[in-house]
Amino acid sequence: MAKTRTKSGEPKATFPRVTFLDGRGDLPMLEIATPWSSAEIYLHGAQVTHFKKHDEPPLLFLSQCSCFAADQPIRGGIPIIFPWFGKSADKPGQHGFARVRDWELKEMAMAPDGAVSVRLRMPECADSPECPACALEYRVTVDSALTVELIVMSRSGQEFVFENCLHTYFTVGDIGAVSIVGLKAVDYLDQLAGFARKTETRGAIRISSEVDRIYVDTPQPVEIRDESLRRAVRVEKEGSASTVVWNPWITKSKTIQDFGDEEYQQMVCVESGNVTANKIKLAPGQTSRLKVKLSSAALG
Ligand code: TA6
């Protein structure tokens, strides 16, 4: 019979484990533990706010100052940006509404090896000025890596044009010791220069000031090399032509209410989606999939 206690008599942790509980702000959340990792997912925005391999620091960054309130986005983890990215001339608010909607847990599965998968659904959108009729699903798999998939199903009789983005916040040891690899020779729109179109010249992008760039027509993976944590994080994606890189640095950080003034040193956003020139045009009744796999290894 399997040993249920450690040598020192402590109850042995059993995996996988999924607990449904009230999280911060009493918002419902799933706490997941697998043989390799732990994760937390809030139904609010279907937001993964925590992923950590047992032998590594957390992979996802969550601001100490984040709100946890029904009408507010959570600052950190993986916000789901849909159906528009950034500010839109004729729509309210920044980054769409999916991140402030309460999603429903539809399914949860535990694999024989201990991996955990959950399927969440956003309450269906009826036709509205903001968005044609559609249904959204989000699938999250937690094992030695974190895999997320956003599925958009058009319920509209019209062509549905939208943007989507998995706006991932990564924990880094020290932003000054980070380089981002995989975007050399890729064009980007510089949000700090009126969306001016430029071309990335560096093989390894270092961050030493505010950065807010939308790299376009780039389906390839990106690696975040963190010399301080001695960790390489790999961002692999399917169904995504845009990669956004963001760090607010000193001045902008001070203007963001739900973000600590010094927190820019411990995070970088490397986001996977389809925005601006890469926005999606979905034919009536069609489905689009955006899938991202986040994995990490010791820096070689
Ligand atoms: O993805 C980068 C960006 O669009 C930045 O311009 C910055 O505004 C960031 O998103 C955060 O947006 P939020 O609405 O979450 O404050």
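Which of the strands (runs of 3 or more DSSP E) contained wholly in the stretch 141-244 include at least 2 residues that are polar (S, T, N, Q) and either on the phi < 0 side of the Ramachandran plot or open to solvent by less than 40 Å² (accessible area, probe 1.4 Å) (or both)?
Filter on the stretch 141-244 gives 146-154.
Hey, can you tell me all the residues within the stretch 43-81 that are more than 16 Å from the ligand (Cβ to nearest atom) and among the aliphatic types (A, V, I, L, M)?
43, 59, 70
Among (1) within 16 Å of the ligand (Cβ to nearest atom); (2) without any contact (Cβ under 8 Å) to a residue 24 or more places away in the chain, where does residue 262 come up short?
Checking residue 262 against (1) within 16 Å of the ligand (Cβ to nearest atom); (2) without any contact (Cβ under 8 Å) to a residue 24 or more places away in the chain, the one that fails is (1).
Starting from the stretch 49-77, take each residue that is on the phi > 0 side of the Ramachandran plot and list its partners that are within 16 Å of the ligand (Cβ to nearest atom) and not β-branched (Val, Ile, Thr), counting only C-beta distances under 6 angstrom and pairs at least six apart or across chains.
The qualifying pairs are 76/61; 76/62; 76/63; 76/66; 76/169; 77/47; 77/60; 77/62.
How many residues, within the stretch 7-27, are open to solvent by 50 Å² or more (accessible area, probe 1.4 Å) and either at pLDDT 95 or above or more than 23 Å from residue 145 (Cβ to Cβ) (or both)? Show your work before the answer.
Initial filter on the stretch 7-27 (open to solvent by 50 Å² or more (accessible area, probe 1.4 Å)): 7-8, 10-15, 17, 19-22, 24-26.
With the extra rule that they be either at pLDDT 95 or above or more than 23 Å from residue 145 (Cβ to Cβ) (or both), the set shrinks to 7-8, 10-12, 19-22, 24-26.
The qualifying residues number 12.
Just give me the residues in the stretch 124-140 being surrounded by fewer than 20 Cβ atoms within 10 Å (Cβ to Cβ) and in contact with a strand residue (DSSP E or B) (Cβ under 7 Å, 6 or more places away or on another chain), in sequence order.
Kept after step one, since they are surrounded by fewer than 20 Cβ atoms within 10 Å (Cβ to Cβ), are these residues of the stretch 124-140: 124, 126-131, 133, 135, 137, 139.
Within the stretch 124-140, 124, 130, 131, 133, 135, 137, 139 meet the criteria.
Failed condition for residue 87, given (1) within 12 Å of the ligand (Cβ to nearest atom); (2) touching a Phe, Trp or Tyr at 6+ places or on another chain (Cβ under 7 Å); (3) not aliphatic (A, V, I, L, M), with all others met?
Of everything listed in (1) within 12 Å of the ligand (Cβ to nearest atom); (2) touching a Phe, Trp or Tyr at 6+ places or on another chain (Cβ under 7 Å); (3) not aliphatic (A, V, I, L, M), residue 87 misses just condition (2).
Step by step: first the residues of the stretch 90-104, then only those that are assigned to a loop (DSSP other than H, G, I, E, B) and open to solvent by 10 Å² or more (accessible area, probe 1.4 Å), then the one that is farthest from the ligand (Cβ to nearest atom). Which residue is that? Please lay out each step first, then the result.
Of the residues in the stretch 90-104, the ones assigned to a loop (DSSP other than H, G, I, E, B) are 90, 95, 97, 101, 103.
When the remaining residues are screened for being open to solvent by 10 Å² or more (accessible area, probe 1.4 Å), the result is 90, 95, 97, 101.
Details: 90: 18, 95: 5, 97: 12, 101: 15 Å.
Among those residues, the one meeting the criterion is 90.
Quick grid of which residues meet (1) within 16 Å of the ligand (Cβ to nearest atom); (2) more than 22 Å from residue 149 (Cβ to Cβ); (3) among the hydrophobic types (A, V, I, L, M, F, W, C):
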position	(1), (2), (3)
166	yes, no, yes
176	no, yes, no
194	yes, yes, no
214	yes, no, yes
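How about the stretch 28-67: which of its residues are aromatic (Phe, Trp, Tyr) and within 14 Å of the chain's Cα centre (by Cα)?
42, 51, 61
What residue, among those in the stretch 265-288 that are among the charged types (D, E, K, R) and within 16 Å of the ligand (Cβ to nearest atom), is surrounded by the fewest Cβ atoms within 10 Å (Cβ to Cβ)?
Taking the stretch 265-288 first, the residues among the charged types (D, E, K, R) are 271, 279, 281.
After this cut, where a residue has to be within 16 Å of the ligand (Cβ to nearest atom) as well, the list is 271, 279.
Working: 271: 24, 279: 17.
The residue in question is 279.
Do the conditions hold for residue 39, that is, is it more than 21 Å from residue 149 (Cβ to Cβ) and modelled with pLDDT of 95 or more?
no
Under 19 Å from residue 288 (Cβ atoms), modelled with pLDDT of 95 or more and assigned to a strand (DSSP E or B): does that describe residue 107? Walk me through how you get there before you give the answer.
Values: under 19 Å from residue 288 (Cβ atoms): no; modelled with pLDDT of 95 or more: yes; assigned to a strand (DSSP E or B): yes.
Answer is no for this residue.
Could you grab the pairs with beta carbons closer than 7 Å, sequence gap of 6+ or different chains, first residue in the stretch 78-95 and on the phi > 0 side of the Ramachandran plot, second one more than 7 Å from the ligand (Cβ to nearest atom) and β-branched (Val, Ile, Thr)?
Short answer, once both residue conditions are applied: 95/81.
The values are calculated or read from the model by the stated rules, or taken from the named source; none is laboratory data. Here the structure is a predicted model, which means the values were calculated and not measured. Cβ atoms come from the backbone with ideal geometry, glycine included; neighbour counts cover every protein chain shown. Side chains included, ligands, DNA and RNA excluded: accessible areas come from the protein's heavy atoms. Shrake-Rupley method; radii C 1.70, N 1.55, O 1.52, S 1.80 Å.
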